[in-house]
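Visitor: Quick one: the structure is below, and I'll ask about it shortly.
The values are calculated or read from the model by the stated rules, or taken from the named source; none is laboratory data. Worth saying up front: this structure is predicted, and the values here are computed from it rather than measured. Quick reminder, even Gly has a Cβ in these numbers, built from the backbone with ideal geometry, and neighbours come from all protein chains shown. Areas reflect the complete protein model, heavy atoms only, side chains present, ligands, DNA and RNA absent. Shrake-Rupley method; radii C 1.70, N 1.55, O 1.52, S 1.80 Å.
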Amino acid sequence: MSEAVLSIRNLTVEIPTRGGILRPVDQINYDINRGEILGIVGESGAGKSMAGNAVIGLLNRPAKITGGEIWLNGTRIDQLEGEDMRRLRGKHIGMVFQDPLTSLNPLLRIGDQLTETMLEHLDISRDKARKRAAAALDEVGIPAAAQRLDSYPHEFSGGMRQRVVIALALCAEPSLIIADEPTTALDVSVQAQIIALLKRLCRDRGTAVMLITHDMGVIAETADRVAVMYAGRLAELGNVRDVVTHPEHPYTDGLMGSTPLASKGLKRLRQISGSMPRLTAMPEGCAFHPRCEFAQDICRAEPRPKLNGGRSACHFPIQQPAEETA
Amino acid sequence: MADTTPAPKPRGRLAHWWDGDFAYQFRRSPVAIISFTVVMLMVLAAIFAPLIAPYDPFDPASLNLMNGFSSPMEPNAFTGETFWLGTDDQGRDVFSTILYGLRISLFVGAAAVGFAMVLGITLGLVAAYVGGWVETIIMRIADVQLTFPAILVAMLIFGVAKGITPVEYRDQMAIWVLIVAIGLSDWVQFARVVRGATLVEKNKEYVQAARLIGRGSGAIMLRHILPNVLSPVLVIATISLALAIIAEATLSFLGVGAPPTQPSLGTLIRIGQGFLFSGEWWILLFPACTLLALALAVNLLGDWLRDALNPKLR
């Protein structure tokens, strides 16, 4: 716990609408430690990005944090406003967005965008900032970094742009990087490079990474631990290895079953029937029960199960095979 | 990308620009070249009017009433002097008055558009970025103003301003009041376009990123959003310039614009139309043709600019 860079406690985000209050993030808990990559998976609309945006304080109105606490390096940040939040999030949190085509200002040179962050948060001269910007570009594997500082974003390819964005996130030396689907817009070979890059940087610098994605393959490849989100809640949280090989929550099991993994052999992929409940029509009890093959009366009647320090939020976690548990 | 090949030799910005798509589009379009040339010639003529003009039409000492109503290119019956484009009733050389009139027309037009631009861009940016009731108020004012013809708004502002300025300052102030009046009647377009573009840009991730690193709203608007919304503004500014010149001419023609002591093209046309049916056609025709050529050229240039800056229209 003392090592945790980011601690989220009972975080709840609500959106008041005409049709009632929506709760895209509902009492979630997790920690990310130094040098650790926490993967957050879930299907579209599960609240992954909302949770990420809540952490950096970029929730758009009318969404707002209505409960819980967010701690960054021992400071509570969910209640910070204005100037304090600005100073803090820019300095300690870096963000890698999904689409490298729009996450760079098309009319500013790369070097200017890199130095902008440093000049805002670090007390250094313009020359020094430029040197560090070149070093950052070099570190993410941009060749001839010093010359490329004067290039515009359109002069880079998609993969290189995502590298630049990562350099941008890194240049103020944050302790946490939130990567919101950093590889979705890239082709597979570039994805692998970007993932390897994130992993290396995280290891070398001890930066904590929150990796938001819906790609189980990316998670299995990259993350140390994984949090599975379903309908705004955490369904399962555990070490990547355990979760991938022996999912406890039926939803995770369904996710795994629908992901082609070479290790599982070439079986026909399963699919989870139905779709995620809309936020306006959350079922009573466990949110997953309408789609769950193991659902019992208790799943419909009891309030939703909580994670309470355990691995999965389920009344009937899937038992691991006997020979493995023994 | 260039990982092993050496970077190309740095070249001058001008050469770089000339090789660019924009300059290429320009070179390929005869309409653009011609209208640009016409506009530039007129701008130069306006700037250097005192050097080019053969007479100073506003120096009463140099005027000779005997020269009045000289036909173009014909020696005057009394003095024997020849004027290229003839003279008006007071013996002023029409060519010279056109040069000076062009000066005032262009200056008023450009300044009015500049004023409208600054006002419109600021309000549009702020409205879109801040949102909420600020946006509602600004844009509703804009909507209301759009329901009046711009020329009426300009006349109203001009009339009110004229009413409150003391008589002895009226002629001096007229030009500035004209600029403000036309500018105030024209800012709406800029505000609307900038607001629309800003709404798109402000949700792009680079703006989020700028917010994330802690840039203030002002810095984000000026440094990140403004440059990205400027190209449609440039197009409207050009077309607005033509409209502002015409608006100024209209106001002056109606007698509420540039005073006779500082005649613009519109004033010249107003003066000239009084002589049209008595046979002195040149007093009207030449200023009118100049205005027509200027407005047309600026408009065509704006039209071309819109096409050139918008790849979707090609």
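Visitor: Tell me yes or no: at least one residue of segment A:170-187 is within 12 Å of chain B (Cβ to nearest Cβ) and among the polar types (S, T, N, Q).
Guide: No - not one qualifying residue is present in segment A:170-187.
Visitor: Would you tally the residues in segment B:184-215 being open to solvent by less than 10 Å² (accessible area, probe 1.4 Å) and modelled with pLDDT of 90 or more?
Guide: 5
Visitor: Can you confirm whether A:GLY257 is small (Gly, Ala, Ser), more than 22 Å from A:LEU38 (Cβ to Cβ) and either at pLDDT 80 or above or surrounded by 12 or more Cβ atoms within 10 Å (Cβ to Cβ) (or both)?
Guide: yes
Visitor: Related question: Across segment A:242-254, what is the total count of residues that are in a helix (DSSP H, G or I) and out of contact with any strand residue (DSSP E or B) (no Cβ under 7 Å at 6 or more places or on another chain)?
Guide: 6
Visitor: While we're looking at this one, here's another question. Go through segment A:276-308 residue by residue and tally those that are in contact with a helix residue (DSSP H, G or I) (Cβ under 8 Å, 6 or more places away or on another chain) and open to solvent by 40 Å² or more (accessible area, probe 1.4 Å).
Guide: Residues flagged as in contact with a helix residue (DSSP H, G or I) (Cβ under 8 Å, 6 or more places away or on another chain) and open to solvent by 40 Å² or more (accessible area, probe 1.4 Å) within segment A:276-308 amount to 4.
Visitor: In segment A:138-157, what count of residues is obtained for those that are closer than 24 Å to A:VAL188 by Cβ and surrounded by 15 or more Cβ atoms within 10 Å (Cβ to Cβ)?
Guide: 6
Visitor: Could you check segment B:30-89 and list, in sequence order, the residues that are open to solvent by 30 Å² or more (accessible area, probe 1.4 Å) and of a type in the set (D, E, K, R)?
Guide: Of everything in segment B:30-89, those that are open to solvent by 30 Å² or more (accessible area, probe 1.4 Å) and of a type in the set (D, E, K, R) turn out to be B:ASP56, B:ASP59, B:GLU74, B:GLU81, B:ASP89.
Visitor: Ok, one more. Going through A:ALA46, A:ALA63, A:ALA54 one at a time, which residue ends up being out of contact with any Lys or Arg (no Cβ under 6 Å at 6 or more places or on another chain), in contact (Cβ under 8 Å) with a residue 60 or more places away in the chain and not β-branched (Val, Ile, Thr)?
Guide: A:ALA46
Visitor: Another question, if that's okay. Conditions: (1) out of contact with any strand residue (DSSP E or B) (no Cβ under 8 Å at 6 or more places or on another chain); (2) within 19 Å of B:GLN273 (Cβ to Cβ). B:LEU106 meets all but one. Number of the miss?
Guide: (2) is the only condition that B:LEU106 fails.
Visitor: Can you name the condition, by its number, that A:ILE124 falls short on among (1) facing chain B (nearest Cβ under 8 Å); (2) β-branched (Val, Ile, Thr); (3) without any contact (Cβ under 8 Å) to a residue 24 or more places away in the chain?
Guide: (1)
Visitor: Residue pairs, Cβ under 8 Å, 6 or more apart or interchain, first in segment A:139-151 and more than 11 Å from every other protein chain (Cβ to nearest Cβ), second part of a loop (DSSP other than H, G, I, E, B). List them.
Guide: Qualifying pairs under 8 Å: A:LEU149/A:ARG109.
Visitor: Hey, can you tell me all the residues within segment A:186-217 that are among the β-branched types (Val, Ile, Thr) and open to solvent by 10 Å² or more (accessible area, probe 1.4 Å)?
Guide: A:VAL188, A:VAL190, A:ILE195
Visitor: Of the residues that make up segment A:93-106, is at least one free of Cβ contacts under 8 Å to residues at least 60 places away in the same chain, open to solvent by less than 20 Å² (accessible area, probe 1.4 Å) and either more than 8 Å from chain B (Cβ to nearest Cβ) or not in a loop (DSSP other than H, G, I, E, B) (or both)?
Guide: Checked against the condition, which is being free of Cβ contacts under 8 Å to residues at least 60 places away in the same chain, open to solvent by less than 20 Å² (accessible area, probe 1.4 Å) and either more than 8 Å from chain B (Cβ to nearest Cβ) or not in a loop (DSSP other than H, G, I, E, B) (or both), segment A:93-106 yields no hits at all.
Visitor: Being in contact (Cβ under 8 Å) with a residue 24 or more places away in the chain and on the phi > 0 side of the Ramachandran plot is the filter; apply it to segment A:68-82 and report the residue that is farthest from the other protein chains (Cβ to nearest Cβ).
Guide: Filtering first and then ranking leaves A:GLY68.
Per-residue answers, yes or no, for (1) of a type in the set (Phe, Trp, Tyr); (2) within 18 Å of the chain's Cα centre (by Cα):
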residue: A:TYR30; (1), (2): yes, yes
residue: A:GLY47; (1), (2): no, yes
residue: A:ALA54; (1), (2): no, yes
residue: A:ARG76; (1), (2): no, no
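Visitor: For A:ALA133, only one of the following conditions fails: (1) within 12 Å of chain B (Cβ to nearest Cβ); (2) touching a residue at least 24 places away in the same chain (Cβ under 8 Å); (3) surrounded by 23 or more Cβ atoms within 10 Å (Cβ to Cβ). What is its number?
Guide: Every condition holds for A:ALA133 apart from (1).
Visitor: I'd like to verify a number: residues in segment A:83-92 that are within 7 Å of chain B (Cβ to nearest Cβ) and without any contact (Cβ under 8 Å) to a residue 12 or more places away in the chain, how many?
Guide: 1
Visitor: Right, something else. Which ones in segment B:217-249 are open to solvent by 20 Å² or more (accessible area, probe 1.4 Å), within 12 Å of chain A (Cβ to nearest Cβ) and closer than 20 Å to A:ARG61 by Cβ?
Guide: B:SER217
Visitor: Pick from A:LEU88, A:LEU108, A:LEU80, A:LEU59: which is over 21 Å from the mean Cα position of the chain (by Cα) and within 19 Å of A:ILE178 (Cβ to Cβ)?
Guide: A:LEU80
Visitor: Cβ-Cβ distance below 7 Å, separation of 6 or more or different chains: which pairs start in segment B:49-76 with a residue that is in contact (Cβ under 8 Å) with a residue 24 or more places away in the chain and end on one that is among the basic types (Lys, Arg)?
Guide: What qualifies is B:ALA49/B:ARG103; B:PRO57/B:ARG92; B:LEU63/B:ARG92.
Visitor: Quick one: how many residues across segment A:171-188 are of a type outside the set (Ser, Thr, Tyr) and farther than 19 Å from A:HIS214 by Cβ?
Guide: The number of residues fulfilling the criteria is 5.
Visitor: Here are some conditions: (1) within 13 Å of chain B (Cβ to nearest Cβ); (2) in contact with a helix residue (DSSP H, G or I) (Cβ under 7 Å, 6 or more places away or on another chain); (3) more than 26 Å from A:ILE194 (Cβ to Cβ); (4) not aliphatic (A, V, I, L, M). A:PRO24 meets all but one. Which one does it not meet?
Guide: (1)
Visitor: If I filter segment B:27-35 for residues that are out of contact with any Lys or Arg (no Cβ under 6 Å at 6 or more places or on another chain) and modelled with pLDDT under 75, do I get at least one hit?
Guide: No, the conditions are met nowhere in segment B:27-35.
Visitor: Taking the condition among the aliphatic types (A, V, I, L, M) and surrounded by fewer than 22 Cβ atoms within 10 Å (Cβ to Cβ), does A:ALA51 pass?
Guide: No: the conditions fail for A:ALA51.
Visitor: Suppose we keep only residues that are open to solvent by less than 20 Å² (accessible area, probe 1.4 Å) and in contact with a Lys or Arg (Cβ under 6 Å, 6 or more places away or on another chain) within segment A:1-39. Which one would you say is nearest to A:LEU211 (Cα to Cα)?
Guide: A:LEU38
Visitor: Do you know which residues across segment A:107-121 are within 11 Å of another protein chain (Cβ to nearest Cβ) and open to solvent by 30 Å² or more (accessible area, probe 1.4 Å)?
Guide: Listed by number, the residues that qualify are A:LEU107, A:ASP112, A:LEU119, A:GLU120.
Visitor: So, one more: Among the residues of segment A:171-181, count how many are hydrophobic (A, V, I, L, M, F, W, C) and over 16 Å from the mean Cα position of the chain (by Cα).
Guide: 2
Visitor: Is one or more of the residues making up segment A:66-82 part of a helix (DSSP H, G or I), at pLDDT 85 or above and of a type in the set (S, T, N, Q)?
Guide: The answer is no; no qualifying residue exists.
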